[in-house]
Amino acid sequence: MIRNVTDVRPIGDRRLWLRFDDGAEGEINLDDRIEFTGVFEPMQDPKFFDRVAVNEFGTIAWPNEADLDPIVLYSWATGAPLPDWASQPEVV
């Protein structure tokens, strides 16, 4: 099931606290998760990184529209396994 992010707060050192629509909460360290190149390069600046917000699609994004998949964020923040999409029936 896809979970939407409902709240995000930067907590220093490229770490975020997240809350999801099922009430789950957790912290993630993006230094351990992404490379700060390309669209993510501006996030090397702490002031830019701290401008993260929840967008209209239920995930987090920065002013340059860089975003992260809410399914992945939920897994990182809660430790829940990622869905096994290969075992899901095909929807036509």
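Key figures
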read-out	value
Any hit, region 49-64, residues being without any contact (Cβ under 8 Å) to a residue 24 or more places away in the chain, farther than 15 Å from ASN4 by Cα, in contact with a helix residue (DSSP H, G or I) (Cβ under 6 Å, 6 or more places away or on another chain) and among the hydrophobic types (A, V, I, L, M, F, W, C)	no
Scope region 1-33; condition part of a loop (DSSP other than H, G, I, E, B) and either modelled with pLDDT under 95 or in contact with a Cys (Cβ under 6 Å, 6 or more places away or on another chain) (or both); matching residues	MET1, ILE2, ARG3, ASP13, ARG33
Residue satisfying all of: in region 35-76; assigned to a helix (DSSP H, G or I) and among the small types (Gly, Ala, Ser); nearest to ARG9 (Cα to Cα) among these	SER75
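The values are calculated or read from the model by the stated rules, or taken from the named source; none is laboratory data. What you see is a predicted model, and the numbers here were worked out from it, not measured in a lab. So basically every Cβ, Gly included, is an ideal-geometry build from the backbone, and we count neighbours across all protein chains shown.
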